[in-house]
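The values are calculated or read from the model by the stated rules, or taken from the named source; none is laboratory data. Source: prediction; values computed, not measured. FYI the Cβ positions are ideal-geometry reconstructions off the backbone, even for glycines, and counts take in every protein chain you see. In case anyone asks, the SASA skips ligands and DNA or RNA and just uses the protein heavy atoms, side chains included. Shrake-Rupley method; radii C 1.70, N 1.55, O 1.52, S 1.80 Å.
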Amino acid sequence: MTNPNAVVSDTQSAIAMAIAAAVNTSLYSPAVPTSPYNITLFSRNKFPMTKSIETAVTVAGANGGMGKNIAWVEAMRASSPTRNSSNDSEDKKVWITKHPSALGMFDEIMAAAKMKQVVIFLDYDGTLSPIVENPDQAYMDPEMREAVKNVAKYFPTAIVSGRCRAKVYNFVRLSELYYAGSHGMDIKGPSSRNHQQGNQNVLCQPAKEFLPMMAEVYKILLKKTKDIVGANVENNKFCLSVHYRCVEEQSWSDLYDRVKSVLKDYPELKLTNGRMVFEIRPTIKWDKGNAIEFLLESLGYANSKDVLPIYIGDDRTDEDAFKVLRKRGQGFGILVSKLPKETDAIYSLQEPFEVMYFLQRLVAWKRSVLRSH
């Protein structure tokens, strides 16, 4: 999978490995009934939850603009992490049998990892940090940073986020990681790896020609939305985010109308909905799924059977990565969510706190393997 806008370079260096204190592995979600880790057993079609936003909007669009607008508002409401359902408890029991806890199934996941190179992919917001009202304050807990740092000592590790790469790096501040910002449209690798098989200093920017357009649309959106209280337009370089977490629900329809009115003059851009955020991206075929394929290829694992990719994320945009892992027939997607959601992930975790414990257990497992050799 070669892209003319991708540049790969190679350097050699080693990363010092400091052995931290042993991880307490007793704090994790209750185990769920034992289940094989064969991907084909967890078919998303066996547990249909809700229509996708694109499907809902397309169907409503056939009934005119008003129907389409209502569909978008419903999609916006559905993206709220605080919503509750009257039969949420029963739904969750059914859902968890299809997507068991990655902590409860940790031994099964590690059984699949034997004799393979584990590669870790992590979303940022809602996965490594909690979702907060002000996206500029989505700081990662120091203990979480330490967990990610330790994971990167043993496994190639990448942050794959909708945020711009520089902003995510400023939050994480770990130079040994790969960073894929703007939904994978801006990828940079570390300057040194001690366990890397392939190339280093990876740089991939498949949407570089859209930069002037994104800057232009950003300025227009700032003007268009400035009088909607709580609206926050974020420039993520190769994509834009319009956050409405702090916008009163009665203003959602107005916000959607304004964003859509801007994009009608830019057919090269598309609008999707995430967790309390509109995402505006180039229409090119490139997403988080393409990003992890690119990174696996750069690491030398494009066609390897000796690799186990693990992707952990909480948002709809992470589904593109989950789908890639299913298509490859190797690796696991782990959805971070307290609510049942339609997903291509195999396993689940409820919140960033559980993500941290999963990463800590992963490090403890690797250290035990190294001690036994």
Place a label point 7 angstrom from the Cα of K92 along the Cα-to-Cβ direction, then list the residues of the stretch 314-343 whose backbone nitrogen is under 17 Å away.
335-342
Mind ranking 210-216, 97-103 by how tightly packed they are, going by the mean number of other C-beta atoms within 10 angstrom, highest first?
97-103, 210-216
Report the full-extension gain for the segment E133 to K114: residue separation times 0.36 nm, less the Cα-Cα distance, to one decimal in nm.
2.7 nm
Contour minus end-to-end for M213 and H373, with contour as 0.36 nm per residue of separation and end-to-end as the Cα-Cα distance?
52.2 nm
Quick check: at a probe of 1.4 Å, how many percent of the accessible area of the stretch 96-163 sits on carbon and sulfur atoms?
50
Distance check, please: which entries in K188/K323; K219/K341; K270/K327 exceed 27 angstrom between their Cα atoms?
K219/K341
Decide, for the stretch 136-262, between rounded, prolate and oblate: order the square roots of the alpha carbon gyration tensor eigenvalues as a ≥ b ≥ c, take rounded if a/c falls under 1.5, and otherwise choose prolate if a/b is larger than b/c, else oblate.
oblate
Straight-line reach from K149: which aspartates and glutamates fall under 13 Å, measuring Cα to Cα and dropping same-chain residues less than 8 apart?
D141, E176
Roughly what would the spin-label model give for D141 and K223, points 7 Å off Cα along C-beta, in nm?
4.4
Can you send over the carbon and sulfur percentage of the accessible area for the stretch 184-295, probe radius 1.4 Å, protein chains only?
48
In order through the stretch 137-151: 3J(HN,Hα) via Karplus (6.51 cos²θ - 1.76 cosθ + 1.60), integer Hz, x for Gly, Pro:
10, 7, 7, 8, 5, x, 5, 5, 4, 5, 5, 5, 4, 5, 4
Result for the stretch 154-300: accessible area per residue, probe 1.4 angstrom, in square angstrom, of 36
Cross-link reach list, aspartates and glutamates versus K305, counting only Cα pairs under 16 Å and skipping chain neighbours closer than eight places:
E293, E297
Wrap a convex hull around the Cα atoms of the stretch 212-315, take a quarter of its surface area, and give that in square nanometres.
7.9
